[in-house]
Amino acid sequence: MEKINAAITAVGAYVPEFRLTNKILETMIDTTDEWIKTRTGIDERRILKGEGLGSSDMGFEAVNELLKKRGISPEEIDCIICATVTPDMVFPATANIIGDKSGLKNAFGFDVSAACSGFLYALTVGTSFIECGRYKKVIVVGVDKMSAIVDYTDRTTCVIFGDGAGAVLLEPTQEKVGIMDSLLKSDGSGRPFLHMKAGGSLKPASTETVAAKEHYIYQEGQSVFKFAVKGMADVSYELMQRNNLTGDDISWLVPHQANLRIIDATANRMSLPKEKVMINIHKYGNTTAATIPLCLWEWESKLKKGDNIILAAFGGGFTWGATLVKWAYDTK
Ligand code: UT7
């Protein structure tokens with residue numbers, strides 16, 4: 001019997017309307033448009049405004065678009081996996097909340113926590129569900145409402161992050177397309193450099209933790225930068241090597257959008273020209289689990305069946321990885 005591959009058959013996404021520009025940030029903290037642009041590549045990021053709106057509301061929009069584009073009903077979905085570090089609540093899983101809002105009545109769902117690599121981890125899990133032959137339609141969502149955990153008085157983090165959601169549908173195919181390989185890594189000893197100090201079982205929320213601003217992102221930027229530059233470039237190169245691919249064989253690199261300098265270093269290591277690299281960090285900043293599906297969504301009309309695409313990420317944990325996708329369809 002031919003091997004079953006998991007193909008991406010549709011992409012949906014959502015970004016909130018409000019644009020937090022560098023100019024606005026100049027009025028909030030001691031920074032400049034020039035510093036942010038040259039150090040990160042970011043011009044603006046989207047922020048989800050409004051009471052009572054969480055990550056699930058953005059995930060719901062992305063899933064709805066995906067279902068509409070594929071022309072299928074929500075009842076056909078078997079499973080939804082949501083990658084996020086900003087769940088609506090600690091529990092239940094945001095995947096379940098998106099499933100409820102989107103009418104996925106026959107799907108089971110759960111969340112994956114792997115920070116900026118979350119989408120790649122969730123995609124790999126979803127791929128296994130399809131490849132084993134048990135499930136026919138799996139949705140993988142990457143969503144983060146980073147504005148919920150950003151301290152807008154901390155200039156070292158608040159300029160970087162934004163909100164957004166992206167989702168892909170995985171379906172079985174016996175053609176040689178789809179998710180072809182995935183290389184995932186993690187190293188928990190990296191946790192001191194990027195984490196949230198309180199709100200977990202180690203340090204539950206208290207008036208003291210709130211006063212000490214311990215429910216926000218804590219990042220030692222330079223240390224993370226060093227690990228990210230090496231980690232993302234190395235893992236992408238390793239994935240190319242074990243699949244006997246050179247830069248000429250790759251149609252697109254889809255890097256996690258954390259910092260333009262990290263993206264450039266990865267592209268150089270892979271011998272890829274800028275024209276083959278998806279970059280939208282200037283418009284959305286770092287949306288954590290959403291950056292990669294947001295790129296696929298934006299570039300979807302340019303992708304051709306058979307294109308070799310490498311997705312690559314590095315994030316908190318540390319977690320990092322790369323996935324090789326052979327694109328499965330031409331957009332009509
Ligand atoms: O996606 C998850 C993984 N995360 C990442 O991959 C992020 C990796 N790190 C980075 O992207 C960069 O380290 C940052 C963008 C966070 C910071 O850039 P940097 O070039 O590493 O800056 P730095 O932290 O070394 O700071 C350089 C200077 C410092 O001033 P002094 O000490 O030299 O006087 C900072 O205080 O820049 C200052 N600075 C700022 N100045 C203006 C830091 N943030 C700002 C700011 N505006 N927003």
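The values are calculated or read from the model by the stated rules, or taken from the named source; none is laboratory data. None of these values were measured; they are calculated from a predicted model. Counting neighbours? That spans all protein chains shown, and the Cβs are built from the backbone with ideal geometry, glycine included. Protein only, heavy atoms only, side chains kept; ligands, DNA and RNA dropped before computing areas. Shrake-Rupley method; radii C 1.70, N 1.55, O 1.52, S 1.80 Å.
Observations
- Charge dipole of segment 5-176 about the Cα centre (unit charges at C-beta), most positive-ward option of P92, G164, I8: I8
- Out-of-range pairs (alpha-carbon distance over 26 Å; input K105/K304; K197/K226; K3/K145; K203/K226): K105/K304; K3/K145; K203/K226
- Annotation: amide H of T86 within the under-5 Å range of K145, sequence separation 5 or more or interchain, hydrogens built in the peptide plane.
- Lysines with Cα under 24 Å of K230, excluding same-chain neighbours fewer than 8 positions away: K37, K185, K274, K276
- Protein-only accessible surface order, largest first, of S271, S102 at 1.4 Å: S271, S102
- The calculated FRET efficiency for the pair K185 and D30, based on their C-beta separation and a Förster distance of 35 Å, comes to about 0.45.
- Reachable aspartates and glutamates from K302, criterion Cα separation under 14 angstrom, eight or more residues apart if same chain: E275, D330
- Distance between segment 216-251 and segment 113-160 - C-alpha centres, whole angstrom: 17
- Potential extension, T207-T38 segment - 0.36 nm per residue separation minus Cα distance: 57.0 nm
- Cross-link pairs K69/K136; K137/K176; K49/K283; K137/K283; K49/K101 - those with Cα-Cα distance over 21 Å: K137/K283
- Cα-based Rg and Dmax for segment 49-194, where Dmax is the largest Cα-Cα distance (Å): 16.0, 52
- Each peptide among 195-203, 73-81, 138-146 gets the average number of other Cβ atoms lying within 10 Å of its residues, and from highest to lowest they stand as 138-146, 73-81, 195-203.
- Between E17 and D264, the simple label model (points 7 Å from Cα in the Cβ direction) yields a spacing of 3.6 nm.
- Protection proxy ranking of 119-130, 21-32, 249-260 - average other beta-carbon atoms within 10 Å, highest first: 119-130, 249-260, 21-32
- Packing, taken as the mean count of other beta carbons within 10 Å per residue, orders the peptides 158-169, 35-46, 56-67 from highest to lowest as 158-169, 56-67, 35-46.
- Extension gain, S113-Q222: 0.36 nm per intervening residue step, less the Cα-Cα distance, totals 36.9 nm.
- With 10 Å bins beginning at zero, the pair-distance distribution over Cα atoms of the chain amounts to 6, 28, 36, 23, 6, 1, 0 %.
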